[in-house]
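Quick note: the coordinates plus some simple rules give every number you see, no bench work behind them. None of these values were measured; they are calculated from a predicted model. We place every Cβ from the backbone using ideal geometry, glycine too, and count neighbours over all the protein chains shown.
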Amino acid sequence: MSTLLASLEQYLALRRSLGFKLSSQESRLRKFIAYAQARGQHHITAKLAVEWAEHQCGPRTWSSRLSTVRSFSRHVALTDPKTEVPPSGIFVPQRRPRPFIYSDEQVADLLSAMPRLHPGSFRGVTYHYFFGLLASTGMRFSEAARLLREDADMDTGTLTIRETKFGKSRHIPLHRSTWDALRRYSDERDRLPTRRASRFFFTGDRGRGLNHANPHFSFILWTREAGLRGASEAEGPRIHDLRHTFAVRTLLDWYRNGDDVDLRIPELSTYLGHGKVADTYWYLSAHPDLLEEAKLRLDARWEASQ
């Protein structure tokens, strides 16, 4: 085992003993070490770290990739004096893109498109209900894809989301219409023994769980078919925007119903599984309709105080 790999194992063990999960960071650092070894480099240098951060990825991830190596290099520097800790400020963190908010008609078209894009395959049925769950709950793609049968309580209409992005678990109560839809999916899924024997809630034809690539490819086909993305365009509306749509629509409903949004926003933060409430407040500035509702609320308070 190389010195860098040995240092990585020590780094991961130490950080995980303190409660950090580091799943994405581990993957990044192993790729960084492989990149260094392929170039005959045995010590971390600032130049090497910057080159790797820019390697085969877009500018949006450069800053976070370099930050991952920076944290690791501080650990390595304790035992290897030749280690250079990359300085901060080399890359300007990219601003979060404004979310694309889907209309009800677009969501309905997305769901109806899935069986059509996969004729004769249970995959189309699964994607129909999978994307429907994302749209109606704001769940993360990974959370829904990892759902097990035991995580879906069909008696109470509650989902258990285990070990999420921030290492927490939570329960999601479902609207009755969503609950009924998942019941229909469960009945259809379990008609075949191979799918009935699967431990996953969402499955393909042979009972396997969902991977990352196939649903995304089907989603991109739909965005092109729906005119939301050109035939050769890489950028466009994302699956993650279904989560943004859920959050923005929830906040808009609260504003228009006259609810105290400041009082209720921790509910949404908990439901979405945000690490901190500030992440949920970001939506207030992420969509013009929400900015307008906030302005109207402030104007009303100002007039009432005169």
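Numerical summary
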item: 0 to 90° range, to nearest 10: angle between helix 176-189 axis and the chain longest Cα axis; result: 70 degrees
item: Segment V277-H42, length gained on full extension (0.36 nm per residue, minus Cα span); result: 80.4 nm
item: Degrees, to the nearest 10: 23-38 long Cα axis against longest axis of the chain; result: 40 degrees
item: Karplus-derived HN-Hα couplings along the stretch 7-17 (A = 6.51, B = -1.76, C = 1.60, θ = phi - 60°), whole Hz, x at Gly and Pro; result: 5, 5, 4, 5, 4, 5, 4, 5, 5, 6, 5
item: The stretch 3-77: C-alpha gyration tensor shape, a/c 1.5 cut-off, then a/b vs b/c; result: oblate
item: Cα pair distances of the stretch 108-225 binned at 5 Å [whole percent]; result: 2, 11, 22, 26, 21, 13, 4, 1
item: Of the GluC sites (Glu not before Pro) in the stretch 173-249, those whose Cβ has at most 12 other Cβ within 10 Å and which sit in DSSP loop; result: E233, E235
item: Pairwise label distance in nanometres, A13 with N257, each label 7 Å out on the Cα-Cβ vector; result: 5.2 nm
item: Over the chain: helical MRE at 222 nm, DSSP H runs n ≥ 4 each giving -39500 (n - 2.57), nearest 500; result: -17500 deg cm²/dmol
item: Extreme residue, positive dipole direction of the chain, given options A13, L148, Q56 (C-beta unit charges); result: A13
item: Residue order, fewest to most surrounding Cβ atoms within 10 angstrom, among L148, L242; result: L148, L242
item: Principal axes of the stretch 133-288: Cα extent on each, largest first, Å; result: 49, 44, 29
item: Above-threshold pairs, the threshold being 31 Å between Cα atoms, out of K21/K82; K82/K276; K82/K168; result: K82/K276; K82/K168
item: Net dipole in debye of the stretch 108-225 [+1 Lys, Arg Cβ; -1 Asp, Glu Cβ; about Cα centre; nearest 20]; result: 300 debye
item: Charge dipole (debye, nearest 20) of the chain; +1 at Cβ of Lys and Arg, -1 at Cβ of Asp and Glu; result: 1200 debye
item: Sorted by Cβ density within 10 Å, fewest first, the residues R183, R206; result: R206, R183
item: Sparse-neighbourhood loop sites, GluC sites (Glu not before Pro) in the stretch 1-87 - DSSP loop, at most 16 other Cβ within 10 angstrom; result: E84
item: Calculated FRET value between D205 and Y35, using beta carbons and R₀ = 25 Å, to 0.05; result: 0.10
item: Cleavage-rule hits, trypsin sites (Lys or Arg not before Pro), the stretch 1-83, DSSP coil, Cβ neighbours within 10 Å at most 14; result: K21, R39, K82
item: Bins of 5 Å, starting at 0 and running to the largest distance - Cα pair percent for the stretch 1-130; result: 2, 9, 16, 16, 12, 8, 7, 8, 9, 8, 4, 1, 0
